[in-house]
Each structure stands twice: as C-alpha cells, then as structure tokens.
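Just so it is clear, none of the values below were taken in a lab; they were calculated from the coordinates. Just so it is clear, the structure is predicted and the values come from calculations on it, not from any experiment. Note that each Cβ is placed from the backbone with ideal geometry, even for glycine, and that neighbours are counted across all protein chains shown.
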Amino acid sequence: MRRSVILLLLVAAPIAMAIVPMSLSEEPVTGGNTAVAVVEQDEAQLADAPPPPPPATVSAAKPVTTRQPAKNTRGETADERAARVSRDAMIPHPRPPAEPAIAPGVQEAYDSAFNAPPIDLGVLTPTPTTKPSY
C-alpha cells in the first residue's frame, strides 16, 4: 500500500510541475487590448496631475569650529585611553580559583546512582517460541 502511494506521488509530482507553469503566463486571460487601455488610462491620469511642489530649502549648516578633544571620566583623551588599554592588556593576571561546575545536589544524585549496588533484573533466555518484537 505504501509503495503504491509513493509511486503515485513520484509520477504525479512531475506532471503537476509541468502543468502549473503553463497556467502562469503573463498574457491577459480575457484577450483584447485591455493592457494597452490600462496603460493609456494611467498616462492620462499622470498628465492631469499637478506638478510636484519644489523641494524645501535647507538652511545652511553651522560652520565647524575646532574644539578640544573630548576627555573621559578619568580626564584622558582617546589616544591616551587607547595607550592605557593596550598597556593594561599586556599585564599578566592570575587565573581565578577553580569553582565546581556541578551543583552539589546534582553531584550527590550522580554519585548515589553510580555507587549503588546493581539492580537484579533476572536473566532472559531466548527460546524457539520467542518471536522478535519487530
């Protein structure tokens, strides 16, 4: 049953893909000069429209004045800060102490599960009358 459905889909899909693009043409379905009439109507509406207003005038920008370089909260300029950051980056720092990555409760549950005695599930012996479950 499954094979026949898959076979049907494999045969029907290419046929459907061939039919659908044929039905999606750009030509008008009704025929005639409807597209030309629409273009002429649009051109007539554009001709009757008033011209767009002139662009708004923009006021002249203020002249640029030279000013002192900005200083940060430490009172240093950008160049001084860049030098300080690169100098600080080269200073070796000790690693922080290692912290446990597993919560204590999770570690206890893990230890109790792996240190507990094994559970006896019995022994399964296959017999000739046993049928596979698959």
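Taking 0.36 nm per intervening residue step and subtracting the Cα-Cα distance, what contour gain separates Thr127 from Arg95 on full extension?
So the extension gain works out to 5.3 nm.
Using the beta-carbon distance between Ser59 and Arg87 and R0 = 41 Å, what value does 1/(1 + (r/R0)^6) give for FRET efficiency, to the nearest 0.05? Let's see the in-between values first.
Numbers: r = 46 Å, r/R0 = 1.13.
After rounding, the FRET efficiency stands at 0.35.
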